[in-house]
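**Q** My questions all concern the structure below.
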Amino acid sequence: MSSKRLTGLHPSTIAAQAAGQTDDSSGGVVPPIHPATTFARGEDYVPLVDGNVYSRSHSPNGRMVEAVLAELEGAADAMVFPSGMAAVAAVFRTLRASDTVLVQSQIYWGTTAWIRDFCTRRGITLIEVEASDTSAFTTACETLKPALAWIETPSNPWLRVIDISACAQAVHASGGLLVADMTTSTPVLTRAISFGADIVMHSATKALNGHSDVLAGALACRDADAPIWRAIRADRDMAGAVLGPFEAWLLLRGMRTVSLRVERMSQNAQTLATYLKDHPRVEAVLYPGLSDHPGHALAMRQMQGGFGPLLSFIVKDGAPAALNAAGRLQLVHRATSLGGVESLVEHRHSIEPHTGIPEGLLRLSVGIEDPGDLIEDLGQALGQ
Ligand code: PLP
């Protein structure tokens, strides 16, 4: 396997070429899968290949994905995990019992639920704040001095847009670090480290892989020597939350088309948001690409080339009308998750009834299908 050092290339080139990784042993233009769990040493007891001893700590396929992700993010280093939640947990496990953390309210409910439970068990003080309110976030940093602040932008499923630079400045001024869950943006649209985030997190299950066939998570960092990054790496190596070689290989294959897919999904989502906004059976559309979205101006500054695949809309007349519309969809699958090439719909109130989600809210993950076909399906489901 060889990896040429590429510099100054655009994300679509880095991804399409898998950062120059090929297979020297066969001449293949795609890298092979390395299933070995252990690697041989020579007669002098030195590993035959530098850095390859045991696959809990050394995964050639994991390293290939990490190299591409680090390039895409403009990061110093990256690590992959067996799920997005494993990546979330890896960050929070570095905290001490006396620490305070600031977490954006109304983000992906699984993240919130796990963090609440973890902080309670560990004696960590957890404060939740509406981070799209930059002054509330800044005041919370000044008064609480959190060791770590966690944001997600655009948020799932509310599509709130968070000012990464302002949040980074606020938490840095009080001595803490900023971690940004960028699952719904991907580095194609926003490179959070360039806006001041210290660590970027992804559910790679979503648009990074993009084909709804790999469960994976990822972190990328600004400073590979930072104590938190060393602690995360040490914990992954010893506690063993590693991505298997087959999943890593599939993820790398999916990532080769991430730019194309995210651009097309964003175009389709913008088209659907515009269509739904004027639909008589729709009360509201939450999508940062719409000019009347409260985060639109910020999203224009922070997101390049589109506003992502995720949009939510509220059907008039509450849960029965929303469930009825979801039930009538022919093309869009009724399934959870987001960021895949196929469009998905979810009635979030059925999943998280106690988090304030409007009963009529349907979350759409817009795929790469023909936008006319998607509009026709939504139109017949809502009843024109
Ligand atoms: N972060 C966000 C924004 C998500 O939407 C999800 C999953 O839906 C996760 C994290 C968790 O990722 P995973 O399902 O890969 O564990």
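Per-residue answers, yes or no, for (1) within 16 Å of the ligand (Cβ to nearest atom); (2) open to solvent by less than 10 Å² (accessible area, probe 1.4 Å); (3) farther than 30 Å from residue 202 by Cβ:
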site: 309; (1), (2), (3): yes, yes, no
site: 314; (1), (2), (3): no, no, no
site: 319; (1), (2), (3): no, no, yes
site: 327; (1), (2), (3): no, no, yes
site: 331; (1), (2), (3): no, no, no
site: 335; (1), (2), (3): yes, no, no
site: 340; (1), (2), (3): yes, yes, no
site: 345; (1), (2), (3): yes, yes, no
site: 348; (1), (2), (3): yes, yes, no
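**Q** Can you find, within the stretch 128-143, the residue that is farthest from residue 171 (Cα to Cα) among those that are touching a strand residue (DSSP E or B) at 6+ places or on another chain (Cβ under 6 Å) and either open to solvent by 30 Å² or more (accessible area, probe 1.4 Å) or of a type in the set (D, E, K, R) (or both)?
**A** Within the stretch 128-143, the match that is farthest from residue 171 (Cα to Cα) is 128.
**Q** Considering only residues that are open to solvent by 80 Å² or more (accessible area, probe 1.4 Å) and not in a loop (DSSP other than H, G, I, E, B), which ones fall in the stretch 28-52?
**A** 38, 41
**Q** In addition: Within the stretch 102-111, is there a residue that is within 12 Å of the ligand (Cβ to nearest atom), of a type in the set (Phe, Trp, Tyr) and either open to solvent by 30 Å² or more (accessible area, probe 1.4 Å) or within 23 Å of residue 157 (Cα to Cα) (or both)?
**A** The initial filter retains those residues of the stretch 102-111 that are within 12 Å of the ligand (Cβ to nearest atom), namely 104, 106-111.
Then keep just the ones that are of a type in the set (Phe, Trp, Tyr); that gives 108-109.
Still in the list and also either open to solvent by 30 Å² or more (accessible area, probe 1.4 Å) or within 23 Å of residue 157 (Cα to Cα) (or both): 108-109.
Among the residues of the stretch 102-111, at least one is within 12 Å of the ligand (Cβ to nearest atom), of a type in the set (Phe, Trp, Tyr) and either open to solvent by 30 Å² or more (accessible area, probe 1.4 Å) or within 23 Å of residue 157 (Cα to Cα) (or both), which makes the answer yes.
**Q** Name the pairs: first residue in the stretch 182-205 and basic (Lys, Arg), second residue part of a loop (DSSP other than H, G, I, E, B), Cβ to Cβ under 8 Å, at least 6 apart or on different chains?
**A** So the pair list comes out as 191/74.
**Q** Go through (1) over 17 Å from residue 258 (Cα atoms); (2) open to solvent by less than 60 Å² (accessible area, probe 1.4 Å) and name the single condition residue 16 misses.
**A** Single failed check for residue 16: (1).
**Q** Kindly establish whether residue 323 is under 20 Å from residue 108 (Cβ atoms) and either in the same structural domain as residue 276 (by TED's automatic domain parsing) or of a type in the set (Val, Ile, Thr) (or both).
**A** Values: under 20 Å from residue 108 (Cβ atoms): no; either in the same structural domain as residue 276 (by TED's automatic domain parsing) or of a type in the set (Val, Ile, Thr) (or both): yes.
So residue 323 does not fit the description; no.
Listed here are the residues, each with its yes/no results for (1) assigned to a loop (DSSP other than H, G, I, E, B); (2) at positive phi; (3) of a type in the set (S, T, N, Q).
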site: 72; (1), (2), (3): no, no, no
site: 80; (1), (2), (3): no, no, no
site: 87; (1), (2), (3): no, no, no
site: 94; (1), (2), (3): yes, no, yes
site: 111; (1), (2), (3): no, no, yes
site: 115; (1), (2), (3): no, no, no
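**Q** Listed residues 98, 55; which is in the same structural domain as residue 223 (by TED's automatic domain parsing), free of Cβ contacts under 8 Å to residues at least 60 places away in the same chain and either away from the ligand (no atom under 16 Å from the Cβ) or open to solvent by 50 Å² or more (accessible area, probe 1.4 Å) (or both)? Please lay out each step first, then the result.
**A** Numbers: 55 fails: free of Cβ contacts under 8 Å to residues at least 60 places away in the same chain.
Step by step, each of 98, 55 is checked, and only 98 is in the same structural domain as residue 223 (by TED's automatic domain parsing), free of Cβ contacts under 8 Å to residues at least 60 places away in the same chain and either away from the ligand (no atom under 16 Å from the Cβ) or open to solvent by 50 Å² or more (accessible area, probe 1.4 Å) (or both).
**Q** Something else now. Tell me, yes or no, whether the stretch 74-85 has at least one residue that is in contact with a Pro (Cβ under 6 Å, 6 or more places away or on another chain) and acidic (Asp, Glu).
**A** Start the filter on the stretch 74-85 by keeping residues that are in contact with a Pro (Cβ under 6 Å, 6 or more places away or on another chain), which leaves none.
There is no residue in the stretch 74-85 that is in contact with a Pro (Cβ under 6 Å, 6 or more places away or on another chain) and acidic (Asp, Glu).
**Q** When the stretch 144-168 is examined, which residues are found to be touching a Cys at 6+ places or on another chain (Cβ under 9 Å) and either away from the ligand (no atom under 15 Å from the Cβ) or open to solvent by 20 Å² or more (accessible area, probe 1.4 Å) (or both)?
**A** 149, 167
Quick grid of which residues meet (1) farther than 30 Å from residue 317 by Cβ; (2) over 18 Å from the mean Cα position of the chain (by Cα); (3) buried (at least 23 other Cβ atoms within 10 Å of the Cβ); (4) modelled with pLDDT under 95:
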site: 238; (1), (2), (3), (4): yes, yes, no, no
site: 242; (1), (2), (3), (4): yes, no, no, no
site: 252; (1), (2), (3), (4): yes, no, yes, no
site: 273; (1), (2), (3), (4): no, yes, yes, no
site: 283; (1), (2), (3), (4): no, yes, no, no
site: 289; (1), (2), (3), (4): no, yes, yes, no
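**Q** Could you check the stretch 176-205 and list, in sequence order, the residues that are surrounded by fewer than 24 Cβ atoms within 10 Å (Cβ to Cβ), of a type in the set (D, E, K, R) and closer than 24 Å to residue 289 by Cα?
**A** Selection gives 191 alone.
The values are calculated or read from the model by the stated rules, or taken from the named source; none is laboratory data. Remember, predicted model here, so these are calculated numbers, not experimental data. Note that each Cβ is placed from the backbone with ideal geometry, even for glycine, and that neighbours are counted across all protein chains shown. For the accessible areas, the whole protein counts, side chains as well, though only heavy atoms, and no ligand, DNA or RNA atoms are used. Shrake-Rupley method; radii C 1.70, N 1.55, O 1.52, S 1.80 Å.
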